[in-house]
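Heads up, the thing below is written out as structure tokens.
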């Protein structure tokens, strides 16, 4: 029997995705272990996490990003810093590149990409990766190491987990294997149509605006999206950007290449003056509006050309829920699927799918689940052990009917944490590692933002909603379960559930059915009995700057640090000692 591990090792969102023929899928990002957001180091810890499980087994490891050179691979595997460290290093060590430096880099890139050098480099890279994997899986037999294109991995994951038969799978991100977007036609097999090169990356432009706004690139783009709602649409900066960023057929074109700059000095020179001139809110609104219109035009052109209205989306740009809403409203697909792990962590999922198909797996056994509860689950002994470690700081009691108890505490105005079952795979907390509050109380937004999560004031919170409440509470929508798209709250309910709504009237919901998550469904149902609203404010269980909690110890540490009223650790009700 062969087990297959998909792995992302180059750049942010390192992690793995495991398929075994007899077991459910397992996905884990390195950030959840190290608690460093978007961890960019090689996923040694993830491989070691599954090493005992794979003892004595034959293993294939499939890596995303097929064009990473040996030099870069060695750097990726051996580096030991995180995004915040990298940003600090850039400020201290990178000045303006000279013409000579840029010319040398371009010549070296041409040589590397040549047919003479690349095969040899790929051979050396593959063997280097084998050594690294073997060091993490000493008791498994490594059959092979495979490498797949970055965007093909994105597209394959989205298509196969959508369970659509015939669809377009479209990727859009910052940069990967020289491209920022690719269009694939999927009908059992995946056929590449065309793509947009990285030098025309609107994702990179958006990230540069993120940095120019004083936020963290490759992490805080959602804050730009949130801030945009406070700016003016059709403003002067939007008009300037609209002239430079266009869509021609199935490709994005950026006329002014200064708008696709990656280095710190380039951001300082090109983007910061724009932000200073037009202001934070209007700058955010401008790039957000251009992104929305670009995304809609690209998708509409693809639908028009192929006549297919089943759409699969992947890549970090599709984390932009307002752009996704515009696509839903204007393109009007028959169905659309945004993969929950839309960021680069999802390329692990795609790599494992591509390898599994190559090795004859029946992947329908793995892709039929609608919910991405693919992460670790901890038994009662582990929970008791964690409680023992923190016993001097907490009070504990057993709640035999914890979902009923939780609903009652929330209805009384408490903000609680819940921790149960398998951890979510992807960036959203979908009811297993969540902070919950009453959506009817507008004041709770400030309490969570300022006291508990300690985030910027303009970030909205999202709701989990009973599917049976969807049409009652929301305007035009569809049964979406992963918080990857926004919908408008109906006007008559906006003052009834204000804590889950942004200033523009939108919310990013998770619609819940009993089959998805019985415990969470029970909690929502019981809250509805108490309040007549089957909806809760749901934000990820973590302090701002930390990742979603994985272990019971993580949950208890963040609970103690952030000032939540109560924590349900499975059936154990916990409160901090005063």
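Return the inverse of the average 1/r over all pairs of distinct C-alpha atoms in the stretch 380-576, which is the Kirkwood hydrodynamic radius, in Å to one decimal. Mind dumping the intermediate values first?
Numbers: mean 1/r = 0.0600 Å⁻¹.
Result for the stretch 380-576 stands at 16.7 Å.
Using only the Cα atoms of the stretch 326-391, build the gyration tensor, take square roots of its eigenvalues as a ≥ b ≥ c, and label the shape rounded, prolate or oblate: rounded if a/c is under 1.5, else prolate if a/b is larger than b/c, else oblate.
oblate
Please give the calculated 222 nm ellipticity per residue for the chain, where each DSSP H segment of at least 4 residues contributes -39500 (n - 2.57) and the sum is spread over every residue; nearest 500 deg cm²/dmol?
Calculated at 222 nm, the ellipticity per residue is -11500 deg cm²/dmol.
Measuring from the lowest to the highest alpha carbon on each principal axis, how far does the stretch 186-261 reach, largest first, in angstroms?
Principal extents (largest minus smallest coordinate, Cα): 43, 27, 23 Å.
At a 10 Å Cβ-Cβ cut-off, how would you order 435, 299, 394, fewest neighbours first?
Fewest-to-most ranking of 435, 299, 394: 394, 435, 299.
Could you state the number of Å between the C-alpha centres of the stretch 441-476 and the stretch 319-396?
Comparing the Cα centres of the stretch 319-396 and the stretch 441-476, I get a distance of 21 Å.
If you take every DSSP beta bridge fully contained in the stretch 380-576, what fraction is antiparallel? Give it as a percent rounded to 5.
Numbers: 23 of 30 bridges.
Here the antiparallel bridges make up roughly 75 percent for the stretch 380-576.
Given R₀ = 22 Å, what would the calculated FRET efficiency be for residue 577 paired with residue 384, taking r from the Cβ atoms and rounding to 0.05?
Given R0 = 22 Å and the Cβ-Cβ separation, E is 0.75.
For residue 369 and residue 475, what does the FRET efficiency come to when R0 = 22 Å and r is the distance between their Cβ atoms, rounded to the nearest 0.05?
0.15
Antiparallel as a % of all DSSP beta bridges within the chain, to the nearest 5?
65 percent
By the gyration tensor of its Cα atoms, with a ≥ b ≥ c the square roots of the eigenvalues, what is the shape of the stretch 364-482: rounded for a/c under 1.5, prolate for a/b over b/c, or oblate?
Because a/c hits 1.5 or more and a/b fails to exceed b/c, the stretch 364-482 counts as oblate.
With the contact rule set at Cα under 8 Å and sequence spacing of 6 or more, what percent relative contact order holds for the chain?
With pairs under 8 Å counted, the relative contact order is 15 percent.
Sort 180, 153, 136 so the one with the fewest other Cβ atoms within 10 Å of its own Cβ comes first.
Sorted ascending by nearby Cβ count, the order is 136, 180, 153.
Tell me the Kirkwood hydrodynamic radius of the stretch 153-338 in angstroms, computed as one over the mean inverse distance between distinct C-alpha pairs.
Result for the stretch 153-338, one decimal place: 16.5 Å.
Could you work out how far the C-alpha centroid of the stretch 225-258 sits from that of the stretch 9-28, in angstrom?
First find each Cα centre; the distance between them is then 36 Å.
Quick note: the coordinates plus some simple rules give every number you see, no bench work behind them. None of the values given here were measured: they were computed from a predicted structure. Note that we place each Cβ from the backbone using ideal geometry, even for glycine, and neighbour counts take in every protein chain shown.
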